[in-house]
Amino acid sequence: MEEKIEFQPVLLGSDINVYGMARSFHEAYGIKSVAIGKGILGPCTASKIVSVEVIEPNLEDDAVFVKTLLNFAKRYEGSQKKLLLVPCGDNYIKLLVRNQEQLRGVYAFECIDEALLMRLSIKESFYEVCTEHGFSFPKTATCSAENYKGIQLPFDFPVIIKPSNSVAYWNCRFPHKKKVFVAESRQEFDAILEAIYSSSYQDHLILQEYIPGDDSNMRVMNCYCGRDKKVKLIALGNALLEEHSPEGIGSYAAIINGYDEKLNEQMKGFLEGIGYVGFANFDMKYDQRDGTYKLFEMNLRQGRSSFFVTASGCNLAKWLVDDVIYHKNMPCTVAKNKVLWTIIPTKIIFDYVQNEQVKAEAKELIRAKKVCQSYYYKGDRSLKRWIHFIKNQYHYFEKYKRYFGNKGLKD
C-alpha cells in the first residue's frame, strides 16, 4: 500500500482553465484548491472547490511573482502538506520557468528550461521545430512594426493575423481588438495591421493562409509528459464550435473526444524528441485539401478547454499528482472514451454547427447522458453560483447572435 502524501494544489490564475483544474482535483481527491491571480474572474467566483487567496495586480512582474509565492507559502510553514504549483496561463508558465530555481523546494512542480520555452512560445521558432519533426502548418509569414506597411504576402486572402507574443498582445488595447483576426481583403488587412501597431503591441505578427472549413474541422490535443520526459497521456478533441466573441476567438466552446493513432504517435515522437515536461496543448485544423492536420500553435500548459480530458475519464489532476507528488512509473494512456464537453448551452451547438454528422453525434451523446458542462458541477452548487451560471449561459446566446463569423475590424 502506497504512502499517502498530503498536498495542496496552488493554481495560478482564475479563469475557466483554473476552475477545470480545481474541479479535476476535487473529483479525484475531494480537495479544495487555492488560487493566486491578478484578479477574480467569473468561473472562480463563489466557489466551494477553489478559493482565490491572493490577488496581486502586478503578478506578471518577476520580482513580485516570486515574492508573492514565497510569502503565500509561509502560511503552510510547519505543515506536512506539499504545495503543488499549477500554472494555468501562458503568462504564468513563463514566470514559473524564468523563476523556477527560487521556488524549488518551496513548491512541488516540474517544468522545462527557459531555452526550450523560448523556442516553443515564440511562434516563428515553434514552426521551425514543427518542420524539424515533420508537422504541417499553414503557409506562414511574419511582419514587424518596422516593415508591416505594404508587406507582400506569399499566399492569397483570406489571411489570419495573430500575435507572435501572446502575453504582450493580451496587455495591449485598441478599438475592435480581437484575439485573432481574419482579413478578407488587402484593404481590411492593412487596416487591421495599422490598428494593432498603433497600440502598445510592437512585437511581430504571424500572418497565415486561411485553412478552409468551419469550426468542426478544428482539433485540440492535450498531453502530459512526465519528469522522465516521456509522454504519459494523450487526448484528442474534435471541436464542434469555437467562441466568437472578440476576446474568445479560437477558444473552444464544445468538443467531442476523438482518436487518431497516427497523430498520437507523431505527437509522442515530437514531445519526447524535444525533451518536454508538463502539460502541452495543441491547436490544429484538418485540411480537407490534402488530408493533413495543420498545426497552429502549442500552449505550454493545459488548454482552457482541457476539462474535456477529465470528462472522458482521464482526470488531469491524477496524472500530475502521480508524477510530481508520488513519482510513479506511468505508462502512456490514450483517452478514447467519447463525451460531449461544453461551456455553452446545447441549443447553441445545434443552432450554429454546420456539420450535420457532428450534430448527429452530439445528439447521440446527449441521449446517452454523456455530456459534461464545465461550469455546472454538483460538488459546487449554491444559489449565488447558480445565478452566475444562468447569466453566463444566457450571455452566450447574445454573444453568438452578435459576433458569430465576425473576425474583422468591427464590432
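Computed from the coordinates by the stated procedures, all read-outs in this text should not be read as laboratory data. What you are looking at is a predicted structure, and each value in this text was computed from that prediction instead of being measured. Cβ atoms come from the backbone with ideal geometry, glycine included; neighbour counts cover every protein chain shown.
The table below gives the values:
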| quantity | calculated |
| --- | --- |
| Label-reachable residues, region 208-247, where backbone N falls under 15 Å from a point 7 Å from residue 290's Cα toward its Cβ | 209-212 |
| Sites residue 376 and residue 75 - FRET efficiency at Förster radius 30 Å, r taken between beta-carbons, to 0.05 | 0.45 |
| Backbone N within region 149-179 under 16 Å of label point (7 Å from residue 411 Cα along the Cβ vector) | 174-178 |
| Kirkwood-based Rg to Rh ratio, region 1-101, C-alpha trace | 0.96 |
| Size descriptor, Kirkwood hydrodynamic radius, that averages inverse alpha-carbon separations across the chain, Å | 22.1 Å |
| Projected label distance in nm at residue 395 and residue 187, using a 7 Å step from Cα toward the beta-carbon | 3.5 nm |
| Cα gyration tensor of region 122-279 - equivalent ellipsoid semi-axes, whole Å, descending | 30, 18, 16 |
| Fewest-first ranking of 386, 319, 170, using other Cβ atoms within 10 Å as the exposure measure | 386, 170, 319 |
| Helix 261-274 axis, angle to the chain major axis (alpha carbon atoms, nearest 10°) | 70 degrees |
| Inter-part distance where region 1-49 and region 226-294 are each reduced to a Cα centre, Å | 24 Å |
| Cα gyration tensor shape for region 272-318, rounded if a/c is under 1.5, else prolate or oblate | oblate |
| Relative packing of peptides 104-115, 78-89 - highest average C-beta neighbours within 10 Å first | 78-89, 104-115 |
| Tilt relative to the chain, helix 383-403 - C-alpha long axis, 0 to 90 degrees, to 10 | 10 degrees |
| Residue-span extension gain [residue 194 to residue 262] - 0.36 nm each, minus C-alpha spacing | 20.3 nm |
| Number of Lys pairs (Cα under 19 Å; 8 or more positions apart or on different chains) in region 361-406 | 5 |
| Packing-based ranking, highest mean first, of 288-300, 124-136 given that Cβ atoms within 10 Å are counted | 288-300, 124-136 |
| Average projected area [Cα convex hull, region 139-209], square nanometres | 4.1 nm² |
| Projected label distance in nm at residue 168 and residue 66, using a 7 Å step from Cα toward the beta-carbon | 2.4 nm |
| Helix 356-367 axis, angle to the chain major axis (alpha carbon atoms, nearest 10°) | 20 degrees |
